Every structure is written in structure tokens, then in C-alpha cells.
Amino acid sequence: MTMDDDLSRIGISLPKHLLDRFDEILNYRGYSSRSEGIRDAIRTYITYYKWMSDVKGLREGVITMVYDHEQRGLLTNITDIEHEFHAIIKASLHSHVSHDKCLEVILVHGDGSQLKALAERLMSMKGVESVKLNTIQIEE
Ligand code: NI
């Protein structure tokens, strides 16, 4: 058996809409319990973080971000962050997806650590639903 036998119990608070969407996905994917789904989500999060840690050296990439533009102050904060990282941002494309949702694609070029720093700053903002960073290595 694995070390997963040693279980810890945690309590978490979530917005209802987030939990509803999570349950929908669990249902669709045929998970037997929420706990199983949450364990899987945490493993995916850890894998993604490890993958992000491997983004090194000179890179060209794309950050894809979805956010709620009605979140108070978010637009200004995003603009401030993008100006702070102006040296690595080559272009960005904004799409007003719906009444409250925005999709932004940011083309980036620079050191992997900088690209990750930008993605992580954006990810930490309240009202940002998702941030994905995809990069390719550039021959130096
Ligand atoms: Ni928009």
C-alpha cells in the first residue's frame, strides 16, 4: 500500500458556485467521492507547480488568463502588473467573452523565472479564474 493510507482530515470553505462546478466535473468524470476529486486536484496542482519550476533559461511563451472584470480594482491591478513586467511582454490580446468575463492572451519573451513570476503574480489576484503559462525554449 502507499503512504496515502496515512490520511489527514481538513475542512475548507469554498464559494458555492465553485463547489457546484467542481461537483459537476466530478459527476461527469465519475468520481466516487468529493475527497477523491480533491486529492486528484491537489496532485494536479502539485504537478503543475513542479512543471512551472522547470521553466528556465530564455523562453518565448503565452500566458492565457481568464478573469472577472467586475471584481473591484482588478483591471487596474492587472494593468499595473503588466506595466511592471513591460520588459518581457511583447503583445497582449483581450477578448470580452461575456458580460463579466474577460480572456486575455499575453505573448511573453524573456527569462523563464521572469515569465513564471508574471504568471504567478496574475494568478494570485482575487477575481482571476485561471492563468496558464506555456513556453518553448529558445536556443541561445
Ligand atoms: Ni474584457
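The values are calculated or read from the model by the stated rules, or taken from the named source; none is laboratory data. In this text the structure is predicted, and so the values were computed from the model without any measurement. Positions of Cβ are backbone-derived with ideal geometry, glycine not excepted, and every protein chain shown enters the neighbour counts.
Assorted remarks:
- Residue under evaluation V108, criteria (1) within 11 Å of the ligand (Cβ to nearest atom); (2) touching a Gly at 6+ places or on another chain (Cβ under 8 Å), criterion not met: (1)
- Of the set (1) free of Cβ contacts under 8 Å to residues at least 12 places away in the same chain; (2) within 16 Å of the ligand (Cβ to nearest atom); (3) among the polar types (S, T, N, Q), all apply to S124 but (2).
- Test for E60: is it more than 16 Å from the ligand (Cβ to nearest atom) and modelled with pLDDT under 95: no
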